Amino acid sequence: HASAYVAISTNTKNDLRKYYPFTDQNEVSVTHPGVDTTVFYRRSTDAIRQFKMKYALGNFLVFVGSRGHENTYKNGALLFQALREGPISKLDVVIVGGEKLSSEEIKICNENGVKLLRLELDDNDLAQCLSSAEVLLYPSLYEGFGLPPLEALAVGTPIITTDSSSLPEATGALSLIISGQNTEEVREKVRQAMTSSWKEKIRTE
């Protein structure tokens, strides 16, 4: 019965028209979500040091979101497939939100000497976590928009994601792209993300 629609990405707009063809006759506007920069800003060197000390972390990679069977599109399995092959650039791994760590995830990391930690964080603590991370790995295969990569960019942290669905709209040219299917791609892009030249690009553009 609606006479107009608002979508959070062009990809969502296209999905709307694909799965509900009758919407073609009405206007569909696209309005991208935004990031609250009063919360998501880069934390100080001292705050980053305190965050790492609080959780006994070294340099770390962060993954945000569900990894469960009901949300396979988030593609969390790719991270643990990569970790099964050994540490990724000697980084600890922090999981934010989603399901509790499974016995298999813990086993994979223990066998390969990788420190694994799962945290439940509010937005302020998430901003501090993202500021403290070396890189956000977000290998999702489908997103209506994809806010965590944009939040990471807001605090100056490199992101690795896919070019699936709406993610290119959210991150533009400031993301390192993987297919979401290959573990060696993950390792290669993490190495690139940790270079001083890429970090400088993220924090100045």
The stretch 43-78, residues that are open to solvent by 40 Å² or more (accessible area, probe 1.4 Å), over 18 Å from GLY180 (Cα atoms) and either small (Gly, Ala, Ser) or assigned to a loop (DSSP other than H, G, I, E, B) (or both): SER44, TYR55, ALA56, ASN59
Name the residue that is nearest to TYR138 (Cα to Cα), counting only residues in the stretch 165-195 that are surrounded by fewer than 12 Cβ atoms within 10 Å (Cβ to Cβ) and at pLDDT 95 or above. GLU184
Residue pairs within 7 Å by beta carbon, gap of at least six or interchain, first lying in the stretch 160-173 and over 17 Å from LYS189 (Cα atoms) and among the aliphatic types (A, V, I, L, M), second open to solvent by 30 Å² or more (accessible area, probe 1.4 Å) and part of a helix (DSSP H, G or I), listed first then second, are ALA170/LEU150
Within the stretch 164-205, work out how many residues are in contact with a strand residue (DSSP E or B) (Cβ under 7 Å, 6 or more places away or on another chain) and outside any loop (DSSP other than H, G, I, E, B). 12
If you check VAL6, VAL28, which single one turns out to be in contact with a Lys or Arg (Cβ under 6 Å, 6 or more places away or on another chain), in a strand (DSSP E or B) and more than 30 Å from SER102 (Cβ to Cβ)? VAL28
One residue is enough: does the stretch 10-24 have a residue meeting the conditions open to solvent by 100 Å² or more (accessible area, probe 1.4 Å), of a type in the set (Val, Ile, Thr) and within 24 Å of the chain's Cα centre (by Cα)? no
Within the stretch 29-42, does at least one residue satisfy the condition of being on the phi > 0 side of the Ramachandran plot and either in contact with a Ser or Thr (Cβ under 6 Å, 6 or more places away or on another chain) or surrounded by 10 or more Cβ atoms within 10 Å (Cβ to Cβ) (or both)? no
In the stretch 141-164, anything open to solvent by less than 10 Å² (accessible area, probe 1.4 Å) and either β-branched (Val, Ile, Thr) or modelled with pLDDT of 95 or more (or both) is listed as PRO149, ALA152, VAL155, GLY156, THR157, PRO158, ILE159, ILE160, THR161, THR162
Please enumerate the residues belonging to the stretch 81-140 that are over 15 Å from LEU57 (Cα atoms), of a type in the set (Ser, Thr, Tyr) and either open to solvent by less than 40 Å² (accessible area, probe 1.4 Å) or not in a helix (DSSP H, G or I) (or both). SER102, TYR138, SER140
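The values are calculated or read from the model by the stated rules, or taken from the named source; none is laboratory data. As the structure is a computational prediction, the values presented were derived from the model and not from experiment. Methodologically, a virtual Cβ is constructed for each residue, glycine included, from the backbone with ideal geometry; neighbour enumeration extends over all protein chains shown. Each accessible area value is taken on the protein alone, full model and side chains, heavy atoms only, with ligands, DNA and RNA left out. Shrake-Rupley method; radii C 1.70, N 1.55, O 1.52, S 1.80 Å.
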